[in-house]
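Take a look at the structure below.
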Amino acid sequence: MNEQTDRRMDEIIGRLLQAGVILAAVFVLAGGVVYLARHSTPVTNYHVFQGEPAELRTVPGILHEALALRGRGLIQLGLLILIATPIARVAFSVLAFLYERDWTYVAVTLVVLGLLFYSLLGRHG
Amino acid sequence: MALGTRIALNTFEFTALVGLGALAAGFLGALTGLGGGVVIVPLLTILFGVDIHYAIGAALVSVIATSSGAAAAYVREGYSNIRVGMFLEIATTVGALVGAALVLHLRVSVISIIFGIVLLYSAYASMTDHAHSSANAKPDRIATWLRMDSTYPMADGLESYRVRGVPQGFGLMFVAGVLSGLLGIGSGAVKVLAMDKAMKLPFKVSTTTSNFMIGVTAAAGAGIYLSRGYIDPGLAMPVMLGVLTGSLMGARVLAGAKVKVLRAVFSGVIAVLAVEMIYQGLK
């Protein structure tokens, strides 16, 4: 409701998004270097869909692979950070609306956040 | 024609070529304002023979990257309407979940045909002129209750506007979300259509708000893609980095570019790819 706070929130959101993309890109790049250094033949046959191995499909699995410094794990961690960036942005908006005491939009934003969490953390086969 | 089937490519060559293709897509997308994401799936499936599931996985990831990177700039200008965006985001997010679910139930050929049709619409939409929406004096009940009416910065101060057509906008946003989750695209064109035409928002508000929404919608689809194993790191890596770099370069060059000409060329390319996607689906 307050123009000033709206603008300030916007600025923080802008920086949050940028930071997320940069952090994600760093992991993807680092993982890419490790991946290319270790694989000369393609790991995946892209012509036929087989689906990624289980450890690259879940958050715990990806963290485990990344900590083990495997190229594909590091890349996947970067991609996970990338997917989490808009989610963080929505979470921040919940706080922003709380600060403005805008209860309607706290609820609206929580619904969106809930759907996003369901997507990222739910079991989708 | 698919590289990688006819010619044996090792990992490095494949990565480099995909990265270059993604760079070109991101560059043209940023220059023309059409977004590179929409070209990634056809590029991967037609040129590299990549299965569509891997392609939409990589493409959706690149959509998050470019929209989040670009949104950082848009948001600071103060044009986007966060209440409108967040409320409509309910529709797009649910849509994305539905779209991602549809991938399991539709034949690949059907997905290809739908993709081609959506591409053709994008090419058409980018070529048509955007009529300036006139300011409305009458308040809309739903929009007022949701406190969506706002202002945007003009040269001589803040210009206020009213929001209308909330249910229609909501419905269109649902469709935009379904397309995003099904095809691995940003659906920016449909989002802008919903806000510009159905809800009568000023054009710049529509485009900037749409940009903010694209990343959130894509994240909803990407979460599902990730757990289904559509997102392959070896493929998504060059695509994401290539598109990001390309769009950064495109944004730099933007000042001196002849946008109209580029837009026409890009639309032509998109139209060709669209026909190819439909053709592949019909085979």
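The values are calculated or read from the model by the stated rules, or taken from the named source; none is laboratory data. This is a predicted model, so every value here is computed, not measured. Every residue, glycine as well, gets a Cβ built from its backbone with ideal geometry; the counts of neighbours run over all protein chains shown.
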Please find, among A:G61, A:G51, A:G14, the residue that is without any contact (Cβ under 8 Å) to a residue 40 or more places away in the chain, on the phi > 0 side of the Ramachandran plot and surrounded by 15 or more Cβ atoms within 10 Å (Cβ to Cβ).
A:G51
Tell me whether segment A:86-94 contains one or more residues that are touching a residue at least 60 places away in the same chain (Cβ under 8 Å) and among the basic types (K, R).
yes
Which listed residue is free of Cβ contacts under 8 Å to residues at least 24 places away in the same chain and assigned to a helix (DSSP H, G or I), from B:V261, B:V253:
B:V261
May I ask you to verify whether B:K197 is within 17 Å of the chain's Cα centre (by Cα) and either closer than 30 Å to A:Q50 by Cβ or more than 14 Å from chain A (Cβ to nearest Cβ) (or both)?
no
With A:T85, A:T58 as the choices, which residue is within 7 Å of chain B (Cβ to nearest Cβ), under 15 Å from the mean Cα position of the chain (by Cα) and farther than 20 Å from B:G177 by Cβ?
A:T58
Can you confirm whether segment A:99-114 contains a residue that is facing another protein chain (nearest Cβ under 7 Å), in contact (Cβ under 8 Å) with a residue 40 or more places away in the chain and either buried (at least 16 other Cβ atoms within 10 Å of the Cβ) or not in a helix (DSSP H, G or I) (or both)?
no
Of all residues in segment B:151-181, how many are part of a strand (DSSP E or B) and either touching a residue at least 60 places away in the same chain (Cβ under 8 Å) or among the charged types (D, E, K, R) (or both)?
3
Would you pick out the residues in segment B:200-240 that are surrounded by 24 or more Cβ atoms within 10 Å (Cβ to Cβ), outside any helix (DSSP H, G or I) and at pLDDT 90 or above?
B:Y230, B:I231, B:D232
Test A:G32 against the criterion of being in contact (Cβ under 8 Å) with a residue 12 or more places away in the chain, closer than 17 Å to B:A58 by Cα, surrounded by 14 or more Cβ atoms within 10 Å (Cβ to Cβ) and facing chain B (nearest Cβ under 7 Å), and give yes or no.
yes
Looking at (1) crowded, with 24+ Cβ neighbours inside 10 Å; (2) modelled with pLDDT under 85, can you tell me which one B:A73 breaks?
(1)
Report the residue count in segment B:44-58 for those that are facing chain A (nearest Cβ under 7 Å), touching an Asp or Glu at 6+ places or on another chain (Cβ under 8 Å) and small (G, A, S).
0
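Could you list, in sequence order, the residues of segment B:212-232 that are more than 7 Å from every other protein chain (Cβ to nearest Cβ) and within 17 Å of B:A91 (Cβ to Cβ)? Step through it out loud before you land on a result.
Kept after step one, since they are more than 7 Å from every other protein chain (Cβ to nearest Cβ), are these residues of segment B:212-232: B:212-214, B:217-218, B:221, B:225, B:230.
Matches in segment B:212-232: B:F212, B:M213, B:I214, B:T217, B:A218, B:G221.
Matching residues to (1) hydrophobic (A, V, I, L, M, F, W, C); (2) at pLDDT below 85; (3) under 30 Å from B:I56 (Cβ atoms); (4) surrounded by fewer than 18 Cβ atoms within 10 Å (Cβ to Cβ):
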{"residue": "B:R147", "(1), (2), (3), (4)": "no, no, no, yes"}
{"residue": "B:G165", "(1), (2), (3), (4)": "no, no, no, no"}
{"residue": "B:G171", "(1), (2), (3), (4)": "no, no, yes, yes"}
{"residue": "B:G184", "(1), (2), (3), (4)": "no, no, yes, no"}
{"residue": "B:A189", "(1), (2), (3), (4)": "yes, yes, yes, no"}
{"residue": "B:A194", "(1), (2), (3), (4)": "yes, no, yes, no"}
Note on A:G32: of the conditions (1) under 17 Å from the mean Cα position of the chain (by Cα); (2) modelled with pLDDT of 90 or more; (3) not polar (S, T, N, Q), unmet is (1)
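So which residues in segment B:133-150 are assigned to a helix (DSSP H, G or I) and either touching a residue at least 40 places away in the same chain (Cβ under 8 Å) or not basic (K, R) (or both), if there are any at all?
Once the filter is applied, which keeps residues that are assigned to a helix (DSSP H, G or I) and either touching a residue at least 40 places away in the same chain (Cβ under 8 Å) or not basic (K, R) (or both), segment B:133-150 yields B:I142, B:A143, B:T144, B:W145.
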Screening B:L17, B:L23 for residues that are at pLDDT 90 or above, surrounded by fewer than 19 Cβ atoms within 10 Å (Cβ to Cβ) and in a helix (DSSP H, G or I) leaves only B:L17
